[in-house]
Amino acid sequence: QVQLVESGGGLVQPGGSLRLSCTASRIINTIYAMTWYRQPPGNERELVARISNLGSTNYADSVKGRFTISRDNAKKMVFLQMNSLKPEDTAVYYCNIFGTRVGGTGASQYWGQGTQVTVSS
């Protein structure tokens, strides 16, 4: 079974920082895009940041200059460094990858279980 395990969420004061991590299980053998989404309370899920297998990145306008996405291909991990956090960044953050799995046919999307980030004083 494919698993994406996220960590690093929590409660932080406005202006603070958090670093989210996501690790893909060994059954994933090729990873193309790796993406962080978030779902604020009462709102739809939205893209936060994406990094391609070649390292190109794109960000939501609301997080540009504050968040940085990176990846470690050898460890099958993706990270989201979040600085200058604001209350409106409060959401459940989800890791998503697009890749292939051992024994599978073609590439598919896989999701993590989500990690809560709360920005509040």
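Residues in the chain average 53 Å² of solvent-accessible surface per residue, probe 1.4 Å, ligands and nucleic acids excluded. Seen from M77, the other residues with C-beta closer than 14 Å to its C-beta sum to a net charge of +3, counting Lys and Arg as +1 and Asp and Glu as -1. Rg then Dmax, both in Å and based on the Cα atoms of region 52-110: 14.0, 43. Taking every C-alpha pair closer than 8 Å and separated by at least 6 residues, the mean separation divided by the residue count of region 1-115 gives a relative contact order of 35 percent. Backbone geometry of region 41-55 corresponds, through the Karplus equation with coefficients 6.51, -1.76 and 1.60 at θ = phi - 60°, to 3J(HN,Hα) couplings of x, x, 10, 7, 5, 9, 6, 9, 7, 9, 10, 7, 5, 9, x Hz, x marking Gly and Pro. Using the Karplus relation 6.51 cos²θ - 1.76 cosθ + 1.60 with θ = phi - 60°, the per-residue 3J(HN,Hα) values for region 23-38 come to 10, 8, 5, 5, 5, 7, 10, 9, 10, 9, 7, 10, 9, 10, 10, 9 Hz, with x marking Gly and Pro. The 3J(HN,Hα) values that the Karplus relation (6.51, -1.76, 1.60; θ = phi - 60°) gives for region 93-106 are, in residue order, 9, 10, 8, 9, 10, 10, x, 10, 10, 4, x, x, 10, x Hz. Gly and Pro appear as x. For A107, the amide hydrogen comes within under 5 Å of no other amide hydrogen, counting only partners 5 or more places away or on other chains and with H modelled in the peptide plane. Using a probe radius of 1.4 angstrom, the carbon and sulfur fraction of the accessible surface of the chain is 47%. Residues whose amide H falls under 5 Å from that of T90, counting only those 5 or more places apart or on a different chain, are V119, with hydrogens built in the peptide plane. Taking a Cβ cut-off of under 15 Å around S120, the surrounding Lys, Arg, Asp and Glu residues balance to a net charge of -1, with basic ones at +1 and acidic ones at -1.
Full-extension gain between T57 and N43, please, as 0.36 nm times their residue separation minus the C-alpha to C-alpha distance.
That pair, T57 and N43, stretches by 2.6 nm at full extension.
For T30, the residues whose amide H sits under 5 Å from its own are T100, ignoring neighbours fewer than 5 places away on the same chain, with H placed 1.01 Å from N. Projection of the Cα convex hull of the chain, averaged over all directions and equal to a quarter of that hull's surface, yields 7.2 nm².
DSSP assigns beta bridges within the chain; of those with both partners inside it, close to 95 percent run antiparallel.
The values are calculated or read from the model by the stated rules, or taken from the named source; none is laboratory data. Since we're looking at a predicted model, the values are computed, not measured. A quick note on method: Cβ atoms are made from the backbone with ideal geometry, for glycine too, and the neighbour counts reach across all protein chains shown. With ligands, DNA and RNA removed, areas are computed over all heavy atoms of the protein, side chains included. Shrake-Rupley method; radii C 1.70, N 1.55, O 1.52, S 1.80 Å.
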